[in-house]
Each structure stands twice: as C-alpha cells, then as structure tokens.
1. Of the conditions (1) over 30 Å from C:Gly129 (Cβ atoms); (2) within 14 Å of chain A (Cβ to nearest Cβ), B:Thr44 fails just one. Which one is it?
2. Residues that are surrounded by 15 or more Cβ atoms within 10 Å (Cβ to Cβ), of a type outside the set (D, E, K, R) and closer than 21 Å to B:Thr93 by Cα: does the range B:59-79 have at least one?
3. Report yes if B:Val102 is away from every other protein chain (no Cβ under 13 Å), farther than 28 Å from A:Arg153 by Cβ and among the aliphatic types (A, V, I, L, M), otherwise no.
4. With the structure loaded, tell me whether C:Ser31 is at pLDDT 95 or above and over 20 Å from B:Pro76 (Cβ atoms) or whether it fails that test.
5. Kindly establish whether A:Ala24 is modelled with pLDDT under 95 and either in contact with a His (Cβ under 6 Å, 6 or more places away or on another chain) or within 12 Å of chain B (Cβ to nearest Cβ) (or both).
6. Output the residues belonging to the range A:129-173 that are under 18 Å from A:Val72 (Cβ atoms), of a type outside the set (A, V, I, L, M, F, W, C) and either touching a residue at least 60 places away in the same chain (Cβ under 8 Å) or surrounded by fewer than 17 Cβ atoms within 10 Å (Cβ to Cβ) (or both).
7. From the set of residues in the range C:53-89 that are in a loop (DSSP other than H, G, I, E, B) and more than 12 Å from every other protein chain (Cβ to nearest Cβ), which is surrounded by the most Cβ atoms within 10 Å (Cβ to Cβ)?
Amino acid sequence: MTSELTSRIDTCRPLAVTRVCGLARDLTAALLLAATALTVSACGDKTSTATSPTSTSTTTTTTVATPTTTEVFSGRVDVGGSAFYSFNVVENGTVNVTLAAVGGANVPSTVWLGLGIGTPTGEDCSAATTVNTAAGSAVQLTGTYAPGVYCVRVWDIGNLVAVAAFNVTIAHP
Amino acid sequence: MTTRLPLIVFAAALAAACGNGSSTATSPTTATIPAITTVTFADTLDVGGSRFYSFSNNTAGSVTAFLASVTASGNPLPLAIPLELGIGVPAGTGCATTMTQVVTPGLVTELTDSLAAGVFCLRVADAGALKAPVTFAVRFSHP
Amino acid sequence: MTVRTPRLGVPAAFLAVAFALALSGCGDSTSATAPTTTSPVTETFTGQLVVGGSASHAFTAVSAGTVSVTLASLGPPADLMVGFGVGIPQTNGASCLLSQSVQTGAATSPQITVQVEAGTYCVRLYDLGTMKSPAAFTVTIVRP
C-alpha cells in the first residue's frame with residue numbers, strides 16, 4: 001500500500017501541478033497527525049494530570065459528655081459467684097460507677113467485693129477496668145467511654161461466706 | 001521518503017498511544033468478605049427460664065443461628081422440644097430481643113438477622129414446653 | 001494544463017484501519033470461569049463400645065448439604081441394638097450433643113439422613129443399657 005501511495009504522489013511531480021500536489025500532501029500529513037492526536041486521547045486514560053497534594057491540618061476536639069442517666073443495679077452475688085449489668089452509652093462521655101451498699105445474712109456491710117467496667121462477652125462481662133472495694137458513697141470507678149454497650153460486674157473476691165445483696169449505681173451519658 | 005514521513009509518524013504515535021496499555025492495567029477489585037466467627041452456645045435451661053450469650057460484630061453483616069440439640073440433663077437422648085431463639089442487645093441483667101423465633105432442634109439455619117457492627121446477644125428461652133430442666137446447644141455465626 | 005488532484009482514498013483507508021486497531025488495543029477482555037462442584041466424601045469410623053459407654057466421632061461438612069450415617073456393623077451379639085445419633089461437638093470436645101437419634105442395630109442403608117450447614121458435626125453411639133460385653137462397630141459417614 002505504501003509503494004502505491006508513493007507512486008501516486010510521484011505522479012504529481014510535473015511542474016504544472018506541483019502546487020496542487022504539495023497542498024494535498026500537506027493536507028494528508030495534517031490529517032494523519034490530527035488522527036494521531038485523537039487516537040492518543042482515546043486511549044488516554046493512562047495519561048493523567050498530576051496535581052500537587054494539598055495538605056490541611058485540622059484539630060479535632062472530642063467532647064466528653066457528663067453523665068445524664070443514672071441506673072441502679074440491684075443484685076446478689078453467691079459465694080464465689082458474680083453478677084453483671086449491661087448499659088448503653090449514647091455519646092462519648094464519663095461513666096461513674098459506685099458500689100453503694102452491700103448486705104445480707106452473715107454479710108458485713110463493709111465486706112470488700114470486686115467491681116469492674118467492661119464489655120458483655122459470652123455469658124459474662126469482660127471487665128477491663130477493675131477495683132476491689134467496700135461499699136460507699138464516693139465513685140469507685142470512672143472513665144471516658146465512646147458510644148456503645150458496656151457492663152458493670154460485681155464478684156466475690158474470696159471474702160463471702162454467704163450470698164450478698166448489693167446496690168450499684170451507674171451514671172453515664 | 002518525505003511523503004512517507006506522516007505515515008511513519010502516525011504509526012509511531014499509534015504504537016506509543018496504545019502499546020503500553022498492558023503496563024498500566026489495573027488489578028481487578030475483589031469484594032472484602034468479613035471473617036465469620038462460629039460459636040457453640042450450650043448451657044442448661046430451667047423451666048420458664050432463659051439464657052443469653054453476648055458477642056461483638058466486627059463489621060456489619062448477617063447473624064445466623066440454629067438450635068442444634070435439646071436433651072434432658074444427664075441423658076444423651078435428644079428431645080424434639082421447641083425453644084425460643086432471639087437476637088437483641090444486652091440490657092440490664094438480660095438480653096433485649098428485637099427478633100425471636102420458636103424453633104425445634106435441627107442442623108440448618110433457623111434464625112437470620114442483619115446487624116451493624118457492635119455488641120449483640122443471642123437468647124434462648126423456654127417457649128412454654130419445658131416440664132424439667134434441659135441442656136441445649138445453639139450454634140450461631142456472626143461477622 | 002492538466003490538473004490532477006491526488007486521491008486521498010488510500011491514506012483514509014489506512015487511517016480507518018489504524019483507528020480500528022488502536023481502539024481494539026485499548027479494550028479489556030474478560031473470560032468467564034466455570035463453577036466447581038465437589039463430590040460427597042465417605043468417612044469410616046471404627047471402634048469398640050464398652051458396656052454403659054458411648055463413642056463419638058467428629059467430621060466436617062465443607063458445604064451445606066446432606067449427611068448420611070450408617071451403623072454398618074455392630075456386635076457381638078449380631079442382634080445388638082444401641083443408640084445412634086448425629087449432632088454437634090461440645091466446645092471442649094468432651095461430648096457430642098445430639099440433634100436426632102435412633103435405636104438401631106447394624107444395617108446396610110443409612111439410619112439417619114439429615115440436612116446440614118457447612119461446619120463441624122459428630123456421630124455418636126451409646127449403650128441403651130442392654131449391653132453385656134464390649135461390641136465392635138463400624139460407622140460410615142457420607143458428607144459434603
């Protein structure tokens with residue numbers, strides 16, 4: 001095909017038609033180059049215009065809400081046993097837990113029990129934050145918690161000789 | 001020679017435009033399938049009683065469950081006693097269910113729910129048919 | 001004076017062919033893959049059942065499907081009957097919690113056929129209280 005094209009253009013050599021053939025040749029070249037440009041753009045999702053990355057720094061402030069809900073967990077702990085109570089924190093904020101009272105037959109009100117905050121897991125509460133404490137009016141456990149479901153666990157740390165009744169208050173957002 | 005030049009340029013441009021397409025091919029994307037955890041929850045159930053098992057969904061997804069076995073305590077003989085299965089959220093001293101189904105023992109899915117990421121619970125309760133304590137086994141899967 | 005206008009037919013044809021080649025070269029190709037199917041697997045569980053005892057064997061169904069279990073041989077005596085069932089293993093593997101069971105002697109066809117999800121299951125034999133001496137057994141399990 002190329003040699004045939006060449007011979008056809010060569011027939012334009014006579015002087016009388018030189019200007020017309022030269023124009024045709026230039027036009028052909030221009031069309032081909034234009035087609036090249038179009039073809040490159042059609043396949044052109046490989047080309048991209050790089051933009052310089054922009055960086056902006058933002059400061060995020062997490063609000064720590066104060067407790068707005070108070071729940072009372074009343075229950076019983078057997079000798080060597082435990083009990084837990086689940087609650088829902090609706091916004092990031094402070095949770096305060098107080099072992100308010102302990103009692104029962106053969107159970108002194110000053111007996112120390114285990115107290116913890118954690119996540120309900122299996123048939124129990126997996127307490128990540130714990131303390132051994134007697135009952136009182138001051139908060140024994142506190143922390144900041146993201147929205148989610150948590151639990152308070154109370155357990156015999158080895159001091160009970162009979163089943164103990166208790167009250168725990170849980171204040172949370 | 002000069003008359004061939006535009007054609008040569010054109011052919012070269014074509015080769016450059018499409019010739020390295022394979023080197024910039026993008027890898028096919030694959031959907032991420034969340035890991036599934038399968039749990040066997042077995043315990044005793046008193047007449048009129050209930051038990052629940054709390055679990056955490058790492059991602060949103062389907063929770064499926066079936067009541068695999070009900071037997072009299074200490075007796076391997078399986079019983080065709082219906083129990084109530086439920087899915088919900090731990091609340092207070094129990095599991096606040098949002099979906100329940102009374103089912104009989106089997107080995108295929110009997111309860112399915114689509115849940116978000118977070119903490120949930122599966123509850124087994126006497127549906128009213130118990131005359132004595134039983135041992136139950138539930139198998140469930142969650143993301 | 002003769003004026004000849006060179007034809008542009010050949011370059012145009014070349015252009016058209018080149019365009020077609022270029023656009024085809026920019027395409028992706030996909031190929032479909034045929035789905036794979038797996039055949040049922042047969043397992044054999046053999047052992048000895050002691051007086052007042054039980055024996056269990058765990059197996060895994062790799063996909064949902066049908067499980068058939070056959071107490072293929074049992075004895076002596078040849079007419080011995082035992083409890084025979086299918087269920088799921090306890091988490092600690094200590095026992096097989098039965099979903100369904102029958103009282104049966106040895107047979108050539110499955111005593112239990114059950115639909116299952118993919119997962120781990122178990123078969124269990126147990127003395128009904130009638131055994132006088134240990135008995136050898138063979139159980140065949142066909143599972144996905």
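1. Unmet condition: (1).
2. no
3. Against the criterion (away from every other protein chain (no Cβ under 13 Å), farther than 28 Å from A:Arg153 by Cβ and among the aliphatic types (A, V, I, L, M)), B:Val102 qualifies.
4. no
5. For A:Ala24, the condition - modelled with pLDDT under 95 and either in contact with a His (Cβ under 6 Å, 6 or more places away or on another chain) or within 12 Å of chain B (Cβ to nearest Cβ) (or both) - is met.
6. Of everything in the range A:129-173, those that are under 18 Å from A:Val72 (Cβ atoms), of a type outside the set (A, V, I, L, M, F, W, C) and either touching a residue at least 60 places away in the same chain (Cβ under 8 Å) or surrounded by fewer than 17 Cβ atoms within 10 Å (Cβ to Cβ) (or both) turn out to be A:Gly136, A:Ser137, A:Thr142, A:Tyr150, A:Arg153, A:Asn167, A:Thr169, A:His172, A:Pro173.
7. C:Leu80
The values are calculated or read from the model by the stated rules, or taken from the named source; none is laboratory data. Remember, it's a predicted structure, so these values are computed and weren't measured experimentally. For neighbour counting, all protein chains shown are included, and Cβ atoms are generated from backbone atoms with ideal geometry for every residue, glycine included.
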